[in-house]
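Reviewing the structure listed below.
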Amino acid sequence: MTVTVLQFGGSNCDRDTVAALEHLGANAELIWYKDDIPAETSGIIVPGGFSYGDYLRAGSMAAQEPIMEQVREFAEAGEPVLGICNGAQILAEAGLVPGAFTVNESARFQCERIYVRVETTDSPFTAGFERGDVLELPIAHGEGRYEAEASLLERLDDEDRVLFRYCTAAGDVTDDANPNGSRLNIAGVLGPDRNVGVLMPHPERATLPDLGLTDGEGVLEDAFVTG
Amino acid sequence: MGEYTATVTVRLKGGVLDPEAATTQRALERLGFELETLRSANIYEIDLSASDEDEALERAEEMALRLLANPTIHDFDVEVTE
């Protein structure tokens with residue numbers, strides 16, 4: 001049982017993710033995108049970074065790599081796949097989750113702490129939370145604004161597939177608490193079968209106590225450690 | 001086979017915010033230019049060999065759908081010249 005952390009050229013949260021998983025007691029292995037996903041893999045994380053220098057659109061190049069076919073097969077088997085930041089952009093570009101992450105409303109790269117509210121507990125990444133729990137997590141992205149057509153936004157709500165929404169420290173979903181202009185404050189969503197999840201904030205940077213925040217550990221723990 | 005150039009123009013769909021265009025517009029206004037709105041678009045020029053114009057068009061459209069555009073946020077059009 002090993003968690004596979006994919007490594008593309010330009011990934012830069014790959015080692016942080018492994019460190020966070022190991023801190024939580026999981027076995028984690030970095031897998032270079034030209035290699036194969038090991039047979040004993042129990043979960044896959046596509047980590048943050050700037051794969052292919054964000055050329056064309058963040059995540060668009062990595063999404064076309066052959067290893068993503070293996071990720072797709074793994075996801076279709078019902079196993080947990082989590083995309084964090086650039087990993088979220090990659091999984092959206094690959095069509096494993098709906099919608100797109102595009103340029104922040106500010107047109108700037110933003111590196112700050114934000115709050116998100118747990119919107120569903122019916123996922124491997126949030127099963128250990130209560131609906132409405134508020135997590136303080138770091139963001140670090142230039143293309144994190146979630147865009148989707150109105151009909152898709154409606155479907156995501158109907159199917160309870162919004163994972164997190166940006167909110168205030170008290171858990172109110174307001175425009176002011178939305179750091180990047182995401183539609184309906186969406187910070188993370190689930191794929192159609194609920195085992196693929198993505199989020200722009202960084203739970204792996206909020207897991208090691210030395211880093212000052214530990215609210216992210218639950219996101220990794222349920223799916224990849226105790227799951 | 002003929003040699004063709006397909007020009008793929010990728011634009012944001014109406015209603016999708018374009019922060020880079022808004023920033024560019026503000027910069028032009030700071031320079032004293034008067035304008036109503038500014039929209040940005042990406043243009044890709046693709047040289048390719050194809051049996052006819054229709055085939056060139058079809059292949060360039062496939063490229064746009066698969067990679068150059070993201071259908072969630074973009075519209076695109078393709079023009080082919082010989």
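The values are calculated or read from the model by the stated rules, or taken from the named source; none is laboratory data. Every value quoted in this text rests on a predicted model; they were computed, and no experiment measured them. With ideal geometry, Cβ positions are generated from the backbone for all residues, glycine too; neighbour counts draw on all protein chains shown. These accessible areas exclude ligands, DNA and RNA; they are computed on the full protein's heavy atoms, side chains included. Shrake-Rupley method; radii C 1.70, N 1.55, O 1.52, S 1.80 Å.
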* Which length gain, in nm to one decimal place, applies between residue A:130 and residue A:19 when the Cα-Cα distance is subtracted from 0.36 nm times their residue separation? -> 37.4 nm
* Peptide A:107-119, shielding by other chains (average Cβ, 10 Å cutoff) -> 1
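Rank by packing, highest mean first: peptides A:195-208, A:173-186, with packing defined as the count of other Cβ atoms within 10 Å averaged across residues. All intermediate terms of the calculation are to be shown ahead of the outcome.
Values: A:195-208: 26.4, A:173-186: 18.4.
Descending mean neighbour count gives A:195-208, A:173-186.
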* Provide the convex hull volume over Cα atoms per residue for the range B:2-81, in Å³. => 103
* Structure fact -> Those residues in the range A:132-153 that give up at least 50 Å² of accessible surface, probe 1.4 Å, once the partner protein chains are present instead of the chain by itself are A:145
* Structure fact -> Net charge near residue A:174 (other residues with Cβ under 13 Å of its Cβ; Lys, Arg +1; Asp, Glu -1) is -1
* Structure fact -> Regression test value, accessible area per residue of chain B, probe 1.4 Å, units Å², expected 66
* Mean projected area (nm²) of the alpha-carbon convex hull when the range A:1-76 is viewed from all directions -> 4.7
* **Inter-centroid distance (Cα atoms) of the range A:47-67 relative to the range B:1-36, Å** => 23
* Structure fact -> So for the range A:44-134, using the alpha carbon gyration tensor with a ≥ b ≥ c as root eigenvalues (a/c under 1.5 gives rounded; past that, a/b versus b/c decides prolate or oblate), I'd call it oblate
* Quick one: pull the percent of accessible area on the range A:2-224 belonging to carbon and sulfur, 1.4 Å probe, ligands and nucleic acids left out. => 43
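Counting pairs of alpha carbon atoms under 8 Å apart in space and at least six apart in sequence, what relative contact order in percent does the range B:2-81 give?
On the way: 114 pairs, mean separation 41.8, N = 80.
Over the range B:2-81, the number comes to 52 percent.
Only bridges whose two residues both fall in chain A count here: according to DSSP, what percent of them are antiparallel, nearest 5? Show your work: numbers first, answer last.
Numbers: 22 of 38 bridges.
Antiparallel: roughly 60 percent of the beta bridges in chain A.
Provide the buried accessible surface between chains B and A in square angstrom, both chains summed, 1.4 Å probe, rounded to the nearest 100.
Details: alone 6100 and 9470 Å², together 14260 Å².
By this definition, chains B and A bury close to 1300 Å².
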* For A:50-62, what's the mean count of beta carbons from other chains sitting within 10 Å of each residue's beta carbon? -> 2
* Structure fact -> Distance in nm between residue B:47 and residue A:110 label points, each 7 Å along Cα→Cβ, equals 4.3
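Pick out, in residue order, every one of the trypsin sites (Lys or Arg not before Pro) in the range A:25-74 that is DSSP loop and has at most 16 other C-beta atoms within 10 Å; say none if there are none.
On the way: sites: A:34, A:57, A:72; in loops: A:34, A:57.
Of the trypsin sites (Lys or Arg not before Pro), the ones in loops of the range A:25-74 whose Cβ has at most 16 other Cβ atoms within 10 Å are A:34.
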* the protein assembly as shown: proportion of alpha-carbon pairs further apart than 24 angstrom, % -> 54
